[in-house]
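The values are calculated or read from the model by the stated rules, or taken from the named source; none is laboratory data. Owing to the predicted nature of the structure, the values given are computational and were not obtained by experimental measurement. When we count neighbours, we look across all protein chains shown, and the Cβ atoms used for this are built from the backbone with ideal geometry, even at glycine. Accessible surface is based on the protein model in full, side chains and every heavy atom, while ligands, DNA and RNA are left aside. Shrake-Rupley method; radii C 1.70, N 1.55, O 1.52, S 1.80 Å.
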Amino acid sequence: AKSLGRGSFSFYVKELSDRATHRVEMEMRLRRAIEMGQLEVFYQPQVEIASGRIIGAEALLRWRDDERGYIPPDQFIPLAEQSELIVKLSNWVLEQVSRQGRLWLDQGYAPLRLAVNLSPNQLRNAELIQHIDTTLQATGFPAEQLELELTEGTLMHDPEQAAERLNQLRKLGISISLDDFGTGYSSLAYLKRFPLSVLKIDKSFTRGLPQDLEDCAISRTVVAMGHALGMTVLAEGVETQEQLEYLRDLGCDVYQGYLCSPAVPAKQFVELLSPNDKR
Ligand code: C2E
Ligand code: CA
Ligand code: CA
Ligand code: CA
């Protein structure tokens, strides 16, 4: 740093404070967005490969800002995770999803499994279980239809505590899926200790199917391992018919991806369901 000229030092300081300002400003906007109802939950279908039926959806958060337009979750969720905002945000998502899920049941749609992403801080939060339980009771959304998505990183941060929390969630009837599988530093020895129902093959592996031999080998191995451990295996990021055919041949159970649909507002989501899905 000593070798840097005066000019570059002050530039550095300016850049730092800009970044801090940006963070504070974004956080303020996000708070306001929550209060003003500018957040929206979108739903991306999850399709059973054997039948082609939509059996559930992943809830994905969207923020529409009047000035900046659409802000992708990657730009504000990591920020929210740095403060207690993430708890507020996640509670809101869970509430929306539970209400929506209950509404679809009341409208006569066959039960859909709705998946909500859980961030690392939430699993550490001692009030998590109580809050989820209360929300399910209040909305009347069946726990059996709720799935929580966690990443390997979230589990490995404190495996003992994570296992305990997941067991409590399982007892409520909630299922757990392991998100972005293969991208984190997972230990297979630990994996078997968690009550996981679904293994999600990360889209970075799906992308190379069926040309990339390594991606094929990894996908094949994940499907075999998941099944051996009694789990459902879901492939993320399926964009082409060829990828789907390959996954079908592997015996992969469920897929999610642009081939079926991107995440869409609740109203559009039900239009994707077949008439048979209404009882
Ligand atoms: P994720 O949980 O891995 O979600 C999957 C991402 O892949 C989504 O991006 C989805 O729109 C995108 N995707 C789906 N199908 C395809 C495909 O065929 N091709 C490609 N290239 N991408 C596809 P999105 O919605 O931008 O979300 C990004 C991340 O933000 C999510 O990654 C998740 O980690 C986080 N996130 C989103 N909503 C929430 C939330 O409510 N709570 C928390 N804690 N995190 C969330
Ligand atoms: Ca996810
Ligand atoms: Ca994922
Ligand atoms: Ca490769």
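Structure values in brief
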| read-out | value |
| --- | --- |
| Nearest-ten-degree value, helix 213-228 long axis tilted from longest Cα axis of the chain | 60 |
| Rounded if a/c under 1.5, otherwise prolate or oblate - the range 212-265, Cα gyration tensor axes | oblate |
| On Cα atoms only, tilt of 6-36 relative to the major axis of the chain in degrees | 50 |
| With Cα atoms, 0 to 90° folded angle of helix 128-139 axis to the chain main axis | 60 |
| Charge context of SER261, other residues only, Cβ under 12 angstrom, K/R +1, D/E -1 | -3 |
| Accessible surface of the range 219-279 [probe 1.4 Å, protein heavy atoms]: carbon and sulfur percent | 52 |
| Residue among ARG248, ARG165, ARG29 with the largest mean-square fluctuation in a Gaussian network model of the chain, springs linking Cα atoms under 10 Å | ARG29 |
| If the convex hull is drawn through the Cα atoms of the chain, its volume per residue in Å³ | 174 |
| For ILE49, net neighbour charge (Lys/Arg +1, Asp/Glu -1) across residues whose Cβ lies under 11 Å away | -2 |
| Share of carbon and sulfur in the accessible heavy-atom surface of the range 100-177 [1.4 Å probe, %] | 46 |
| Residue-normalised accessible area of the range 96-149, expressed per residue, 1.4 Å probe, Å² | 42 |
| Surface accessible to a 1.4 Å probe, per residue, for the residues of the range 190-279, Å² | 52 |
| Cut-off under 5 Å, modelled amide H: who pairs with ASP202 long-range | PHE181 |
| Within-13-Å neighbourhood charge of LEU247 [Cβ basis; K, R +1; D, E -1] | -3 |
| Where labels lie 7 Å past Cα in the beta-carbon direction, separation of MET28 and MET225 in nm | 4.7 |
| GNM top mover of PHE76, PHE181, PHE42 - the chain, alpha-carbon springs below 10 Å | PHE76 |
| Top of ARG170, ARG53, ARG193 by mean-square fluctuation, Gaussian network on the chain, Cα under 10 Å | ARG193 |
